[in-house]
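Step one of this worksheet: look at the structure below.
The values are calculated or read from the model by the stated rules, or taken from the named source; none is laboratory data. What you are looking at is a predicted structure, and each value in this text was computed from that prediction instead of being measured. Because the Cβ atoms are built from the backbone with ideal geometry, glycine has one as well, and the counts that use them run over all protein chains shown. Accessible surface areas use protein heavy atoms only, side chains included; no ligands, DNA or RNA. Shrake-Rupley method; radii C 1.70, N 1.55, O 1.52, S 1.80 Å.
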Amino acid sequence: MEQCPCGSQKNYSECCEPLINGKRFAKTPEELMRSRYSAYVKKEIAYITNTILPEKLGQFDEEGIRRWSQKAQWQKLEILNTEDGGPNDTEGKVEFVAHYIDKGLTNRHHEIGKFTKYNNSWYYYGAEFPTPKQVIRSEPKLKRNDPCSCGSGKKFKKCCGKQQ
(Lines give C-alpha, C1' and ligand atoms only; values in the text may rest on other atoms or scores of the structure.)
Protein backbone atom coordinates (compact mmCIF):
# COMPACT_ATOMS: atom_id res chain seq x y z
CA MET A 1 0.00 0.00 0.00
CA GLU A 2 1.36 3.38 -1.03
CA GLN A 3 0.95 6.29 1.38
CA CYS A 4 -0.78 9.33 -0.10
CA PRO A 5 1.57 12.18 -1.05
CA CYS A 6 -0.84 14.75 0.44
CA GLY A 7 0.30 13.97 4.00
CA SER A 8 -3.05 12.64 5.25
CA GLN A 9 -1.40 9.43 6.54
CA LYS A 10 -3.95 7.45 4.48
CA ASN A 11 -3.30 5.06 1.61
CA TYR A 12 -3.23 6.77 -1.78
CA SER A 13 -5.91 4.36 -3.09
CA GLU A 14 -8.29 5.48 -0.33
CA CYS A 15 -7.37 9.17 -0.24
CA CYS A 16 -6.56 11.19 -3.36
CA GLU A 17 -6.52 8.54 -6.08
CA PRO A 18 -10.36 8.22 -6.31
CA LEU A 19 -10.60 12.00 -6.80
CA ILE A 20 -7.83 12.10 -9.40
CA ASN A 21 -9.40 9.14 -11.26
CA GLY A 22 -12.85 10.82 -11.25
CA LYS A 23 -14.52 8.21 -9.04
CA ARG A 24 -15.70 10.91 -6.61
CA PHE A 25 -15.52 14.66 -6.01
CA ALA A 26 -13.79 16.51 -3.19
CA LYS A 27 -16.10 17.23 -0.26
CA THR A 28 -14.14 20.27 0.98
CA PRO A 29 -11.62 22.79 -0.35
CA GLU A 30 -8.93 21.17 1.82
CA GLU A 31 -9.61 17.76 0.29
CA LEU A 32 -9.42 19.33 -3.19
CA MET A 33 -6.16 21.09 -2.28
CA ARG A 34 -4.65 17.84 -1.03
CA SER A 35 -5.71 15.98 -4.19
CA ARG A 36 -4.32 18.75 -6.41
CA TYR A 37 -0.96 18.49 -4.60
CA SER A 38 -1.02 14.70 -5.10
CA ALA A 39 -1.78 15.30 -8.78
CA TYR A 40 1.34 17.49 -9.04
CA VAL A 41 3.37 14.69 -7.42
CA LYS A 42 1.85 12.05 -9.73
CA LYS A 43 2.07 14.37 -12.77
CA GLU A 44 -1.69 14.11 -13.39
CA ILE A 45 -1.99 17.41 -15.27
CA ALA A 46 -5.49 16.73 -16.60
CA TYR A 47 -6.82 16.55 -13.02
CA ILE A 48 -5.12 19.80 -12.07
CA THR A 49 -6.69 21.63 -15.01
CA ASN A 50 -10.08 19.90 -14.58
CA THR A 51 -10.29 21.22 -11.01
CA ILE A 52 -9.80 24.86 -12.03
CA LEU A 53 -13.07 26.81 -12.21
CA PRO A 54 -14.00 26.61 -15.92
CA GLU A 55 -14.40 30.37 -16.34
CA LYS A 56 -10.88 30.93 -14.92
CA LEU A 57 -9.16 28.18 -16.92
CA GLY A 58 -7.90 30.63 -19.56
CA GLN A 59 -5.87 32.43 -16.87
CA PHE A 60 -3.73 29.35 -16.19
CA ASP A 61 -0.80 28.10 -18.27
CA GLU A 62 -1.26 24.35 -18.69
CA GLU A 63 2.23 23.88 -20.16
CA GLY A 64 3.72 25.82 -17.21
CA ILE A 65 1.81 23.58 -14.80
CA ARG A 66 3.12 20.51 -16.63
CA ARG A 67 6.75 21.73 -16.55
CA TRP A 68 6.59 22.60 -12.84
CA SER A 69 4.99 19.26 -11.99
CA GLN A 70 7.60 17.30 -13.95
CA LYS A 71 10.77 19.11 -12.94
CA ALA A 72 10.07 19.49 -9.22
CA GLN A 73 10.83 16.80 -6.69
CA TRP A 74 7.84 17.16 -4.38
CA GLN A 75 8.72 16.73 -0.71
CA LYS A 76 5.62 17.42 1.39
CA LEU A 77 2.47 19.47 1.81
CA GLU A 78 1.68 21.46 4.93
CA ILE A 79 -1.85 22.73 5.48
CA LEU A 80 -1.53 25.81 7.70
CA ASN A 81 -5.11 27.02 7.87
CA THR A 82 -8.56 26.55 6.35
CA GLU A 83 -11.33 29.11 6.21
CA ASP A 84 -14.95 28.25 5.40
CA GLY A 85 -15.57 25.44 2.88
CA GLY A 86 -18.12 23.54 4.95
CA PRO A 87 -21.17 21.67 3.57
CA ASN A 88 -23.29 24.85 3.43
CA ASP A 89 -20.54 27.16 2.13
CA THR A 90 -19.92 28.15 -1.48
CA GLU A 91 -16.45 29.63 -0.89
CA GLY A 92 -13.39 28.46 1.01
CA LYS A 93 -9.69 29.17 1.47
CA VAL A 94 -6.77 26.88 2.25
CA GLU A 95 -3.40 28.25 3.32
CA PHE A 96 -0.66 25.79 2.53
CA VAL A 97 3.05 25.36 1.90
CA ALA A 98 4.24 22.92 -0.76
CA HIS A 99 7.87 21.92 -0.27
CA TYR A 100 9.85 20.84 -3.31
CA ILE A 101 13.37 20.63 -4.76
CA ASP A 102 14.18 22.26 -8.10
CA LYS A 103 17.66 22.26 -9.64
CA GLY A 104 19.08 20.97 -6.37
CA LEU A 105 17.61 23.81 -4.30
CA THR A 106 14.95 23.39 -1.62
CA ASN A 107 11.95 25.64 -2.23
CA ARG A 108 8.62 26.49 -0.62
CA HIS A 109 5.44 27.56 -2.38
CA HIS A 110 3.31 29.40 0.21
CA GLU A 111 -0.19 30.26 -0.95
CA ILE A 112 -3.73 30.87 0.22
CA GLY A 113 -5.73 28.94 -2.35
CA LYS A 114 -9.23 30.20 -3.11
CA PHE A 115 -11.99 27.72 -3.88
CA THR A 116 -15.63 27.94 -4.92
CA LYS A 117 -18.47 25.44 -5.19
CA TYR A 118 -19.91 25.31 -8.70
CA ASN A 119 -22.55 22.75 -9.77
CA ASN A 120 -22.08 21.00 -6.41
CA SER A 121 -18.31 20.50 -6.94
CA TRP A 122 -15.36 22.39 -5.48
CA TYR A 123 -13.01 24.19 -7.87
CA TYR A 124 -9.79 26.14 -7.46
CA TYR A 125 -10.02 29.65 -8.89
CA GLY A 126 -7.06 31.66 -7.67
CA ALA A 127 -4.67 32.53 -4.89
CA GLU A 128 -3.48 35.14 -2.47
CA PHE A 129 0.14 35.21 -1.44
CA PRO A 130 0.89 36.02 2.20
CA THR A 131 3.23 38.90 2.87
CA PRO A 132 6.47 37.57 4.36
CA LYS A 133 6.96 38.60 7.96
CA GLN A 134 9.91 40.85 8.64
CA VAL A 135 12.60 39.21 10.74
CA ILE A 136 13.55 41.29 13.75
CA ARG A 137 16.86 40.45 15.40
CA SER A 138 16.69 39.67 19.09
CA GLU A 139 20.34 40.68 19.47
CA PRO A 140 22.32 43.43 17.75
CA LYS A 141 24.16 42.56 14.53
CA LEU A 142 27.79 41.53 15.04
CA LYS A 143 30.40 43.95 13.78
CA ARG A 144 33.68 42.78 12.29
CA ASN A 145 35.74 43.44 15.42
CA ASP A 146 33.22 42.01 17.92
CA PRO A 147 33.98 38.67 19.58
CA CYS A 148 32.56 35.82 17.48
CA SER A 149 29.22 34.46 18.68
CA CYS A 150 30.41 30.85 18.29
CA GLY A 151 32.53 31.19 21.44
CA SER A 152 35.92 30.64 19.79
CA GLY A 153 37.41 33.75 21.41
CA LYS A 154 38.42 35.11 17.99
CA LYS A 155 37.13 38.29 16.45
CA PHE A 156 34.09 37.77 14.22
CA LYS A 157 36.09 38.87 11.11
CA LYS A 158 38.73 36.17 11.77
CA CYS A 159 36.20 33.41 12.53
CA CYS A 160 32.62 32.95 11.28
CA GLY A 161 32.59 36.33 9.52
CA LYS A 162 35.69 35.49 7.49
CA GLN A 163 35.05 35.98 3.80
CA GLN A 164 36.04 33.08 1.62
Can you give me the % of accessible surface on region 107-164 that is carbon or sulfur? Probe 1.4 Å, all protein chains present, nothing else counted. 47
Mind listing P(r) for the chain? All alpha-carbon pairs, 10 Å bins, whole percents. 10, 31, 27, 11, 11, 9, 1
Of the accessible area of region 23-89, computed with a 1.4 Å probe and all protein chains kept, carbon and sulfur make up a percent value of 44
Once Lys and Arg get +1 and Asp and Glu get -1 on their Cβ, which of 92, 18, 70 lies farthest toward the positive end of the dipole of region 1-148? 70
The answer for the net charge of residues other than residue 7 whose Cβ lies under 9 angstrom from its Cβ, with Lys and Arg +1 and Asp and Glu -1, is +1
Identify all lysines with a Cα-Cα distance to residue 155 below 30 Å; exclude those on the same chain that are fewer than 8 residues away in sequence. 141, 143
Taking every other residue with Cβ under 12 Å from the Cβ of residue 102 and scoring Lys and Arg +1, Asp and Glu -1, one gets +4
Using the reciprocal of the averaged 1/r over all distinct C-alpha pairs, how large is the Kirkwood radius of region 50-128 in Å? 13.9
Using the Cα centre of the chain as the reference point, and only Cβ charges (+1 on K/R, -1 on D/E), how large is the resulting charge dipole? Debye, rounded to the nearest 20. 1440
Note on region 96-139: contact order normalised by length, alpha-carbon pairs under 8 Å, 6 or more apart, percent, works out to 27
Would you check region 44-137 for Lys pairs whose C-alpha atoms are within less than 24 Å, ignoring same-chain pairs closer than 8 in sequence, and give me the count? 12
I'd like the Kirkwood hydrodynamic radius of region 97-160, using the inverse of the mean 1/r over distinct C-alpha pairs, in Å. 16.7
Given only helices, namely DSSP H runs of n ≥ 4 each adding -39500 (n - 2.57), what is the per-residue ellipticity at 222 nm of the chain, to the nearest 500 deg cm²/dmol? -5500 deg cm²/dmol
Would you work out which of 105, 151, 127 lies farthest towards the positive end of the dipole of region 72-164, given +1 charges on the beta-carbon of Lys and Arg and -1 on that of Asp and Glu, about the Cα centre? 151
With the contact rule set at Cα under 8 Å and sequence spacing of 6 or more, what percent relative contact order holds for the chain? 16
Heavy-atom accessible area per residue of the chain, all protein chains kept, 1.4 Å probe, expressed in Å², is 67
Förster-model FRET efficiency, 41 Å R0, residue 120 and residue 99, C-beta, rounded to 0.05: 0.80
Accessible area in the full protein assembly, largest first, 1.4 Å probe, for 135, 41: 135, 41
Mind pulling the angle between the C-alpha long axis of helix 29-42 and the longest principal axis of the chain? Nearest 10 degrees, somewhere in 0 to 90. 80
For q = 0.10, 0.15, 0.25, 0.26 Å⁻¹, Debye-computed log10 I/I(0) when each Cα of region 1-89 counts as one equal scatterer: -0.25, -0.58, -1.41, -1.44
